[in-house]
Amino acid sequence: MTNQDASRPACKGPAVLRPVIDRRRCEGKEDCVRVCPYGVFEMGKLDGEQKAALPLIPYRLKAWAHGWTQAFATKADQCHGCGLCVAACPEKAIKLETVP
């Protein structure tokens with residue numbers, strides 16, 4: 001094992017865990033996009049149904065203030081469960097769940 005390998009988090013492998021983003025917390029700061037070595041996340045705009053699902057105060061107003069932009073786990077099946085996204089998210093909006 002090289003020093004670089006020792007510094008990497010222990011991953012579970014693809015499709016064992018998947019990231020779940022709490023729409024009430026995400027502020028679209030892109031930290032998850034930057035740290036994910038597997039390209040799981042992309043930034044995007046909330047659609048009408050996603051906007052309507054947020055309670056008006058404070059969550060819909062907060063999402064509006066951030067331009068309705070949030071992170072989306074568009075390639076969740078590529079997640080290796082390393083947890084870098086969870087650690088990087090300043091809003092603690094991401095958790096890893098076991099794939100059923």
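FYI, it's all coordinate maths here, none of it is from the lab. From a predicted model like this one, the values you see are computed outputs, not experimental measurements. All Cβ positions, glycine included, derive from the backbone under ideal geometry; neighbour counts span all protein chains shown.
Whole-Å semi-axes of the stretch 3-98's equivalent ellipsoid, largest first, each the root of 5 times a Cα gyration tensor eigenvalue? Show your work: numbers first, answer last.
On the way: eigenvalues 143, 32, 22 Å².
For the stretch 3-98, the semi-axes come out at 27, 13, 11 Å.
Per 0.36 nm of contour for each residue apart, how much would the distance between residue 42 and residue 61 grow if the chain were fully extended, relative to their Cα-Cα spacing? It would help to have the intermediate numbers written out before the result.
Working: separation 19, 0.36 × 19 = 6.84 nm, distance 2.20 nm.
Once the chain is fully extended between residue 42 and residue 61, it gains 4.6 nm.
In terms of Cα to Cα distance under 17 Å, which aspartates and glutamates are near enough to residue 75, apart from those fewer than 8 places away along the same chain? Filter leaves 22, 30, 31, 42, 97. Residues within the reach of a label modelled at residue 74 (point 7 angstrom out along Cα to beta-carbon, backbone nitrogen below 19 Å), restricted to the stretch 21-39, are 21-23, 26-39.
Report the relative contact order of the chain, percent, no decimals, based on alpha-carbon pairs under 8 angstrom and at least 6 residues apart. Numbers along the way, then the final one.
On the way: 169 pairs, mean separation 47.8, N = 100.
For the chain, the relative contact order is 48 percent.
Between residue 50 and residue 98, the C-beta separation translates, for a Förster distance of 25 Å, into a calculated FRET efficiency of about 0.55.
Can you list the trypsin sites (Lys or Arg not before Pro) in the stretch 11-92 that are in a DSSP coil and have 12 or fewer other beta carbons within 10 angstrom? Write out the running numbers ahead of the final one.
Details: sites: 12, 23, 24, 25, 29, 34, 45, 51, 60, 62, 75, 92; in loops: 12, 23, 24, 25, 29, 75, 92.
The qualifying sites are 92.
Residues 69, 98, 74, ranked from the fewest to the most other C-beta atoms within 10 Å, line up as 98, 74, 69. Helical runs assigned H by DSSP (4 residues or longer) give the chain a calculated mean residue ellipticity at 222 nm of -5000 deg cm²/dmol, each run adding -39500 (n - 2.57) before division by the residue total.
For 20, 33, the sequence from fewest to most other C-beta atoms within 10 Å is 20, 33.
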